[in-house]
1. Would you kindly derive the ³J(HN,Hα) couplings of the range 54-59 from the backbone phi angles with the Karplus curve 6.51 cos²θ - 1.76 cosθ + 1.60 (θ = phi - 60°), listing them in order in whole Hz, with x for Gly and Pro?
2. Working out 0.36 nm times the residue gap between residue 31 and residue 59, then minus their Cα-Cα distance, what length gain in nm do you get to one decimal?
3. Residue 41 versus residue 18, label points 7 Å from Cα toward the beta carbon: distance in nm?
Amino acid sequence: MYTDDDKKGGRPYVYPTIVILRCYVVRIWMRIPSNNCLHYYFTINGTYNKKIMRSCDLDTLPDKRTFDRRFKTLPVQNIIGNIGKKICIRKNCRLYHCIS
């Protein structure tokens, strides 16, 4: 599975990649059209919104620009490909399409 690159130069991440990936999944799952809307969704003081935020392991809300930068560098194709391969290996199925 994908892990954060510790040897990367620059400032270390405040939010782990798994937290950002969870936020990305929430954005897709809730059909939220943009990163700004996702940020706005997390700022609403509803109980359901706070539960979703806690399930993403967010104690504090990232800035809109953090979502923009981190979603841009998130290796979603690699993560989905690895998950698909693991599921097929466990269920002993054949891969007819190349996932890359």
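1. Values per residue, Gly and Pro as x: 5, 5, 7, 6, 9, 8 Hz.
2. 7.8 nm
3. 2.2
Read-outs throughout are calculated quantities, based only on the coordinates presented, and are distinct from any laboratory measurement. This one's a predicted model, so the numbers in the text were calculated from it and none came from an experiment. Glycine also receives a Cβ, built like all others from the backbone with ideal geometry; neighbour counts cover every protein chain displayed.
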